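J.: Below you will find the structure I want to go over with you.
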Amino acid sequence: MGAVHELTDAYEKYKDDPKFKRELDYLLTQYAGRPTALTYCENLSREYGPKIYLKREDLAHTGAHKINNALGQALLAKYMGKTRLIAETGAGQHGVATATAGAKLGLKTEVYMGTIDMKRQELNVFRMRLMGTNVIPVESGSKTLKDAINETMRDWVASFPNTHYLLGSVLGPHPYPMMVRDFQSVIGKELKEQMMKREGRLPSAIVACVGGGSNAIGAWYEFMGDKDVELIGVEAGGRGIKGGEHAARFADEKMGRKGVLQGTYSYVLQDGYGQIATTHSISAGLDYSAVGPEHSMLRDFKRAKYTYAKDDEALEAVKILCEKEGILPALESAHAVAHALKIAKDYDKDDIIVINLSGRGDKDINTIIESLGDKTK
Amino acid sequence: MRISDKFAELGKKGEKALILYISCGDPSAAETVRIAREIIDAGCDILELGLPFSDPLADGPTIQAASQRAIAAGMNTDRYFETCAQIGGVPKVCMTYYNLIFQYGLERFAKACYNSGITGLIVPDLPPEESGPLKKACEENGVDLISIVSPQMSEERMDTIKNKLSSDKSRMTEGFVYLQSVLGITGAREDMRAQLSGVIEEVRALGLPVAVGFGVSKPNQVRDLVAQGADGIIVGSALIKRINAKEDLASFVKSLKAATR
């Protein structure tokens, strides 16, 4: 608790500090390549009906939105006088972003990663190591994201005097959900400006995948007060909504209940006694048993709608986006693409659907080849 | 038996409390009852029974593994209370994580503690700032909600704990304060922080006995902590390692107990 109090104080102190903001803005524009493009998908729009746009977080440095938060927190860690960064990672995108920020800002970096995820996101393990980061394999529990977070927290409670825990999503104890949202809200700010310039109006819907939920919150936050803009979150439906086969916290009425995990009160997949359930998703980044607390609020207040896409639907979306638009999405982001294409028929030709394309799919090549295999020949 | 009665009884004899932790249901519920009886006979003064949780954030590899074994062997909250009810002779303390209590219902959980003879509750992932509702449920059911204090806790947070304690004057003399010997998680350590006496003194200002845990594994460490002023010593992982390796427990516990005299 001492650690999160110190972090809360530091964040409050620096978040509006002109020098901090200037430095972060410099890193985001001159290093991370922001603003990212807003791409109009002519081919998909023609085929599916409404105007479909992609917010191209896959074009940000390191290939996903994760860099926005990693640079923000790493800079904050420097201001706090910390010399070491630790982080958890599922898909490896947050780990790579942290490794990158650590290298750029001169902070020693260590990343915890479940051994199952290390196998399915091998490319990202190499990338982290290339940047001088020590990747620590996590063998406990389900050997995925949840367990990597446990291990990072266990490290931090002993190391916080010199170490910052660079948490990668809108999860964990306060101030993380708020702070990560703030650092990611640059996505929605750019999106709104780009959309007004291009179309002179707001979109009908913004669709994003939701694991912990940082890319979704980042894309939505600027639109919270624009009640006519539908916010649609897509969870991982895995092999279907049966125990242990998915990570759709909001879709499983029996196991997805409010609970406390890793310092957060939110919807959590669990058994009747409160033991945390195991999850499955083809995408490591969505394979997590809890969801960011702000998503729980948006769901209960009905400001956002949540649904899910299954493994095979995400894979099909990868194929469609490659063939029709020449873009290889991350498996996580493909869940959002799959759902957007599914609901497109319910919209008019003039409606605008934005998909937040949170990351690129190079890291998933092995999984995709294994699953689609012959179909690509 | 209330915890305060035990400390009073030991005080008269000039002894400190040996507090032992075992994970309930590891390797089975029946074995837990047998092991508990064995270590109580050997000198355990207060028994901490862990209700295993799938994601034990404050625990090191030894207790994590014990928790997983217990859950795999079928331990759950209902069976936990059934098992605890079969163990008597010393005050019993439940150690678990908040989600299990929250899902069971705070009132119902506190009542079940009382009904199975548990008079203390430790919840490492529940910060004092958020502990109000559970504290109330515990007070109404004769259970002490025990606070964990880290050696680097700020004065401000110490005050928060102090305020919680003094909200009910009658509670000031019950239970104990759990002082972590080191920052971090549970688990046997070779080297322990040499100087704790200053912190122990500070924590005693809260008005409760101070029990030190995290990392204690040997009689000479127990002796050292007693010399530094600890009122109780907590040993967990070192005991669980012996349980798991099917080593002799009685002589180990006796050697720890001897160091508290």
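Values in this text are rule-based calculations from the coordinates and carry no lab data. Please read these numbers as outputs of a predicted model, since none were measured by experiment. Every residue, glycine among them, receives a Cβ derived from its backbone with ideal geometry; neighbour counts consider all protein chains shown.
J.: In 10 Å bins starting at zero, report the fraction of Cα pairs in region B:3-253 per bin as a rounded %.
T.: Calculated over all Cα pairs of region B:3-253, the distribution is 7, 34, 40, 17, 1 percent.
J.: Got a sec? How would B:Leu134, A:Leu269, A:Leu261 order by Cβ neighbour count within 10 Å, fewest to most?
T.: Details: B:Leu134 21, A:Leu269 26, A:Leu261 30.
Fewest-to-most ranking of B:Leu134, A:Leu269, A:Leu261: B:Leu134, A:Leu269, A:Leu261.
J.: Is there a simple number for the mean count of other chain Cβ atoms within 10 Å of the Cβ of residues in A:266-274, and what is it?
T.: 5
J.: Can you give the calculated 222 nm mean residue ellipticity of the protein assembly as shown, where each DSSP H run of n ≥ 4 adds -39,500 (n - 2.57) and the sum is split over every residue, rounded to the nearest 500 deg cm²/dmol? All intermediate terms of the calculation are to be shown ahead of the outcome.
T.: Working: 27 runs with 277 residues, N = 638.
So the calculated ellipticity at 222 nm is -13000 deg cm²/dmol.
J.: Moving on to the next point. Residue by residue through A:251-259, how many Cβ atoms from other chains fall within 10 Å of the Cβ on average?
T.: Working: counts 0, 0, 0, 0, 0, 0, 2, 3, 5.
Taking the mean over all residues of the peptide, I get 1.
J.: Send over the semi-axes of region B:99-146's equivalent ellipsoid, whole angstrom and largest first, taken as the square roots of 5 times the C-alpha gyration tensor eigenvalues. Before the final figure, lay out the partial values.
T.: On the way: eigenvalues 48, 26, 18 Å².
In descending order the semi-axes read 16, 11, 9 Å.
J.: So what is Rg over Rh here for region B:32-81, counting just Cα atoms and using Kirkwood for Rh? Please report the intermediate quantities before stating the final value.
T.: Details: Rg = 11.9 Å, Rh = 12.0 Å.
Taking Rh as the inverse mean 1/r over Cα pairs, Rg/Rh reads 1.00.
J.: Over 13 Å apart: what share of the alpha carbon pairs of region B:51-110 falls there, rounded to a whole percent? Working shown, then result.
T.: Details: 1145 of 1770 pairs.
Roughly 65 percent, once rounded to a whole number.
J.: With springs connecting C-alpha atoms under 10 Å apart, model chain A as a Gaussian network and identify which of A:Asp351, A:Asp226, A:Asp364 has the largest mean-square fluctuation.
T.: Looking only at A:Asp351, A:Asp226, A:Asp364, the largest GNM fluctuation is found for A:Asp226.
J.: May I have the extent of the alpha carbons of chain A along their three principal axes, as whole Å values ordered from largest to smallest?
T.: 56, 47, 44
J.: May I ask you to derive the relative contact order of region B:3-253, considering only C-alpha pairs under 8 Å and at least 6 residues apart, and to give it as an integer percent?
T.: Averaging sequence separation for qualifying contacts and normalising by length gives 21 percent for region B:3-253.
J.: Return the average number of partner chain Cβ atoms within 10 angstrom of each residue Cβ along peptide B:51-59.
T.: Taking the mean over all residues of the peptide, I get 6.
J.: Taking N as the number of residues in region A:211-357, what value does Rg over Cα atoms divided by 2.2 N^0.38 Å take? Before the final figure, lay out the partial values.
T.: Working: Rg = 15.2 Å, N = 147, 2.2 N^0.38 = 14.7 Å.
The value comes to 1.04.
J.: Answer rounded, prolate or oblate for region A:1-59, using the Cα gyration tensor with square roots of eigenvalues a ≥ b ≥ c: rounded when a/c is under 1.5, else prolate when a/b is larger than b/c, else oblate.
T.: Numbers: a/c = 4.44, a/b = 2.41, b/c = 1.84.
Here region A:1-59 falls in the prolate category.
J.: Still on this structure: What number in nm² do you get for the protein assembly as shown if you take the convex hull of its Cα atoms and divide its surface by four? If you can, show how the numbers build up before the last one.
T.: Details: hull surface 112.5 nm².
Computed as one quarter of the Cα hull surface, the answer is 28.1 nm².
J.: I'd like the projected area of region A:130-284, averaged over all directions, using the convex hull of its alpha carbons. Report it in nm² with one decimal. Can you show the working numbers first?
T.: Values: hull surface 47.7 nm².
Here the figure is 11.9 nm², rounded to one decimal.
J.: So what does log10 I(q)/I(0) come out to for region B:1-42 at q = 0.14, 0.24, 0.35 Å⁻¹, using the Debye formula with one equal point on every Cα and no solvent?
T.: Each listed q maps to, in turn, -0.43, -0.85, -1.12.
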